[in-house]
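Take a look at the structure set out below.
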Amino acid sequence: MPAGVGLVRGGKAIAHAEDILDLVRRVNWAERFAGAGPEIRRGVAYLEKMVNSERIPERFRPGFAAELVRAEEYYKASKLRAVEAVVEDGRVDLILVTDEIVEIKYWRESYASGQIGRLLDQLQRYHETTGRPVILELVQTKTDPITEVFIEDLLKAARKVEFPLTREQIRIITLGGP
């Protein structure tokens with residue numbers, strides 16, 4: 001599946017938080033997901049509400065916006081089964097028709113580096129409670145983007161706790177990229 005999601009403004013890929021928020025807020029998401037099942041529509045409505053809610057701190061909203069964009073890409077490819085689904089003891093971002101769980105993070109590398117333990121706990125919990133494979137998508141930020149160094153650190157930490165995470169399960173996503 002291509003990493004890009006086709007979100008382009010003025011001929012440039014969307015990579016800045018304000019850009020993605022501005023673009024996502026202008027979209028009629030119910031229209032874009034017309035014909036989708038309730039497991040998708042409910043999640044899309046939830047994400048749209050989070051993007052626009054004044055109760056959600058502004059720094060968290062780009063993550064919800066990125067998840068909406070990724071959900072649309074999977075939906076267009078006929079690969080999406082559910083959005084923001086409650087599974088066992090947690091809410092997962094996306095469930096694909098292949099039964100894989102997709103966890104999406106819109107984090108700067110400096111923040112992500114301090115979250116490796118929590119991230120692995122989350123991925124391991126999803127995998128153990130559902131028995132489903134987990135894909136981690138790391139959406140590139142304009143400043144301090146995720147690098148291969150972070151991914152290597154994450155994989156080393158996964159091996160240390162004996163969590164079977166592979167490089168193939170980790171995707172670096174550039175919104176609107178090639």
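What net charge is computed for the residues neighbouring Leu119, neighbours being all others with C-beta under 9 Å from the C-beta of Leu119, Lys and Arg scored +1, Asp and Glu -1?
For residues surrounding Leu119, the net value is 0.
Between beta-carbons, use under 14 Å as the cut-off and find the net charge around Glu162, counting Lys and Arg +1, Asp and Glu -1.
So the surrounding residues net to +1.
To the nearest 20 Debye, how big is the dipole of the chain about its Cα centre, given +1 on the beta carbon of each Lys and Arg and -1 on that of each Asp and Glu?
Charge dipole, the chain, about its Cα centre: 320 debye, nearest 20.
Quick one, which of (i) 44, 35, 33; (ii) 90, 36, 23; (iii) 82, 35, 28 is the actual Cα extents along the principal axes in Å calculated for this model?
Matching the structure shown: (i).
Calculate, for the chain, the solvent-accessible area per residue in square angstrom, rolling a 1.4 angstrom probe over the heavy atoms of the protein chains.
That works out to 52 Å² per residue.
Please get the size of the charge dipole for the stretch 20-97, origin at its Cα centre, with Cβ charges of +1 on Lys and Arg and -1 on Asp and Glu, quoted in debye to the nearest 20.
Here the stretch 20-97 has a charge dipole of around 180 debye.
Can you give me the % of accessible surface on the chain that is carbon or sulfur? Probe 1.4 Å, all protein chains present, nothing else counted.
50 percent
The values are calculated or read from the model by the stated rules, or taken from the named source; none is laboratory data. Every value quoted in this text rests on a predicted model; they were computed, and no experiment measured them. Reconstructed Cβ throughout: ideal geometry from the backbone, glycine too, with neighbour counts over all protein chains shown. Note: accessible area is taken over every heavy atom of the protein model, side chains too, but ligands, DNA and RNA are not part of it. Shrake-Rupley method; radii C 1.70, N 1.55, O 1.52, S 1.80 Å.
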